[in-house]
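Here's the structure we're looking at; comments come further down.
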Amino acid sequence: MSHQVLARKWRPKSFAELVGQEHVVRALSNALNQGRLHHAYLLTGTRGCGKTTIARILAKCLNCETGPTATPCGNCPACREIESGRFVDLIEIDAASYTGVDNMREVLENAQYAPTAGRYKVYIIDEVHMLSKSAFNAMLKTLEEPPAHVVFILATTDPQKVPVTVLSRCLQFNLKLLPPARVAEHLKHVLTAEGISNEPAALPLIARAAAGSMRDALSLLDQAIAYGGGSVREQETRDMLGSVDQAYLFPILEALAGNDGAALMREAENIAARSFSFEAALQDLGLLLHQIALAQTVPEAVAEDVPERERLFALARALDAETVQLYYQIAGLGRRDLEWAPDEYAGFSMALMRMLAFSPGAPAPAMTAPTPQAAPQPAPRAAPSPMASAAPAAAAPMPAASPTPAPASSAPASVQGFDGDWLSLAGSLNGLIGQLASACELIEHGPDRLRLRLPESQKSLLAGFGDKLKAALQEKLGPGLKVEFQFGATQGAAPAEVAARNKAERQAEAEAAIQSDPFVQAVVQELDGKVTQIQPLQ
């Protein structure tokens with residue numbers, strides 16, 4: 001007997017054998033058992049999720065000698081002929097190659113005749129959205145008032161292209177993508193039944209690559225068996241799929257946690273040297289970040305057998321929750337943007353550099369300042385850069401005749417130079433740190449400290465970014481700065497409140513100017529016009 005591929009050999013023959021889609025099976029089973037049958041069904045969902053399989057099982061349920069029933073016998077002539085594709089009253093049409101109105105009229109004319117061998121004449125129209133507009137119009141009357149012996153089962157991957165006039169005449173079932181764990185479980189069952197040796201860690205790799213399609217998963221499993229010479233092993237499956245072992249992704253996140261750009265790029269080059277798929281690397285990086293987020297919020301949800309479990313929890317402690325969410329978003333966007341990148345390595349490494357650059361509180365890139373050759377000038381009142389404040393005191397000796405010595409205060413001169421302009425200082429900060437600063441109101445400032453008031457509603461933002469805001473302020477005003485927070489209602493002086501108030505004032509001025517404009521008034525009165533939206537230019 002010739003070899004039969006797994007996707008065909010393990011195609012479900014009854015609702016009981018179907019993996020997933022319980023919501024569809026339950027509805028159809030109840031309708032069959034109660035005799036509440038509809039004349040037209042629409043099955044939607046991505047490729048390989050079971051649309052055609054369910055349609056054939058439903059045809060078997062309708063025409064089984066013991067039926068109509070939700071549990072066809074599988075042994076009667078109707079069941080056997082439907083299973084083998086030889087049942088004369090089951091007509092399968094590929095709409096992609098059967099789009100014309102003349103073709104559809106021919107189908108509808110034949111539908112008027114009674115079934116030859118079965119109880120119902122069943123028409124399965126696959127990819128029905130490919131039909132022409134005129135072909136859809138030809139269907140409408142028959143779909144609305146079909147002969148009692150006809151059942152239409154329409155299937156499509158793109159229901160948005162099906163006219164609403166057709167949708168309204170069908171019972172619609174949306175088939176769901178299968179979760180990877182469910183797919184891997186079924187693959188294990190198949191391999192056990194086939195007597196094929198396997199390593200358990202290989203099956204989740206295939207399940208994720210199948211992206212919710214059981215048919216794709218079984219096809220990949222066939223490929224993995226052939227690639228592995230009759231067995232399914234983890235490393236060979238990774239090589240076949242071009243996926244990246246999570247062990248190679250941990251150093252990437254560890255480099256990000258340490259703000260080590262050089263180590264980050266070394267890891268990117270290491271992945272490139274191994275010829276892994278960069279798209280798969282970003283996908284697996286997203287999965288790893290998902291596991292880290294679980295470890296942070298719901299640690300009991302992390303499986304005991306997850307690879308590198310201790311290392312994963314160490315990263316969960318090293319990264320805050322907001323940073324993990326940011327990295328996850330960048331990984332997803334980076335995967336989407338790979339096709340637009342100059343090359344895949346550039347797109348992958350740029351995604352990693354975005355993570356490094358956009359991390360809340362990430363330090364600015366170190367730059368080497370030129371060494372001045374001229375005699376030092378008197379210190380300006382403006383705050384010096386962090387590198388300038390770190391220069392040795394001996395490099396700029398005070399003139400002997402100067403009546404004012406260097407200050408004895410332990411606070412750096414930059415702290416003492418803060419003039420209380422909190423609006424400007426908060427506006428110089430970016431990202432979520434800037435958002436936190438804008439929500440704060442300056443209560444008091446002195447030579448070496450700032451006291452800020454924050455609304456109670458912003459407590460969660462302070463918990464995640466309070467230390468980063470302190471570090472950013474110390475970087476600008478000096479390491480001796482102490483930042484204190486207290487909670488309470490602000491008095492309208494927080495930068496965010498000032499900005500909102502200014503915006504409201506500009507809006508009011510713009511509305512007043514428009515409403516009083518003679519030309520606008522003339523248009524409204526003479527043409528029965530209406531001003532719908534007013535927005536200030538600046």
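The values are calculated or read from the model by the stated rules, or taken from the named source; none is laboratory data. Worth saying up front: this structure is predicted, and the values here are computed from it rather than measured. Virtual Cβ from ideal backbone geometry, glycine too; neighbours counted across all protein chains shown.
A few remarks follow.
- Test: residue in region 180-189 that is within 21 Å of LEU282 (Cβ to Cβ), at pLDDT below 90 and out of contact with any Lys or Arg (no Cβ under 7 Å at 6 or more places or on another chain): no
- Top-ranked residue in region 191-203 [being surrounded by fewer than 18 Cβ atoms within 10 Å (Cβ to Cβ), in contact (Cβ under 8 Å) with a residue 12 or more places away in the chain and not charged (D, E, K, R); ranked as nearest to GLN283 (Cα to Cα)]: ALA201
- Filter result for GLY35 (closer than 19 Å to LEU131 by Cβ, in the same structural domain as LEU131 (by TED's automatic domain parsing) and either touching a Lys or Arg at 6+ places or on another chain (Cβ under 9 Å) or surrounded by fewer than 16 Cβ atoms within 10 Å (Cβ to Cβ) (or both)): no
- Considering region 472-483, and only residues there that are within 38 Å of the chain's Cα centre (by Cα) and touching a residue at least 24 places away in the same chain (Cβ under 8 Å), the residue that is surrounded by the fewest Cβ atoms within 10 Å (Cβ to Cβ) turns out to be GLU475.
- Any hit, region 499-521, residues being within 23 Å of GLU322 (Cβ to Cβ) and either without any contact (Cβ under 8 Å) to a residue 60 or more places away in the chain or small (Gly, Ala, Ser) (or both): yes
- In region 476-513, the residues that are part of a helix (DSSP H, G or I) and touching a helix residue (DSSP H, G or I) at 6+ places or on another chain (Cβ under 6 Å): LEU477, PRO495, ALA496
- Meets criteria (under 18 Å from LEU356 (Cβ atoms) and either at pLDDT 90 or above or not assigned by TED's automatic domain parsing to the domain that holds ALA346 (or both)) for MET214: no
- Of residues in region 65-124 being among the aromatic types (Phe, Trp, Tyr) and at pLDDT 90 or above, the one farthest from ALA27 (Cα to Cα): PHE87
- Any hit, region 484-491, residues being of a type in the set (Ser, Thr, Tyr) and touching a strand residue (DSSP E or B) at 6+ places or on another chain (Cβ under 6 Å): yes
- Considering region 31-82, and only residues there that are free of Cβ contacts under 8 Å to residues at least 12 places away in the same chain and more than 23 Å from TRP10 (Cβ to Cβ), the residue that is nearest to the chain's Cα centre (by Cα) turns out to be ALA31.
- When we screen ALA111, ALA117 for residues that are more than 21 Å from HIS23 (Cβ to Cβ) and touching a residue at least 40 places away in the same chain (Cβ under 8 Å), the only hit is ALA117.
- Summed over region 123-132, the residues that are surrounded by fewer than 20 Cβ atoms within 10 Å (Cβ to Cβ) and closer than 9 Å to GLY100 by Cα give a count of 1.
- Only listed residue being closer than 12 Å to LEU6 by Cβ and surrounded by fewer than 22 Cβ atoms within 10 Å (Cβ to Cβ), chosen from ALA226, ALA209, ALA217: ALA226
- When residues of region 453-479 are limited to those that are among the polar types (S, T, N, Q) and at pLDDT below 85, the one farthest from LEU429 (Cα to Cα): SER457
- Residue match in region 92-112 (condition: under 20 Å from GLU144 (Cβ atoms) and either part of a loop (DSSP other than H, G, I, E, B) or not assigned by TED's automatic domain parsing to the domain that holds SER134 (or both)): yes
- Residues in region 232-256 that are over 18 Å from ALA202 (Cα atoms) and at pLDDT below 85: none.
- Boolean, LEU469 is of a type in the set (A, V, I, L, M), in contact with a helix residue (DSSP H, G or I) (Cβ under 9 Å, 6 or more places away or on another chain) and either exposed (fewer than 11 other Cβ atoms within 10 Å of the Cβ) or in a helix (DSSP H, G or I) (or both): yes
- Residues within region 258-295 that are closer than 22 Å to ARG309 by Cα and of a type in the set (D, E, K, R), tallied: 2
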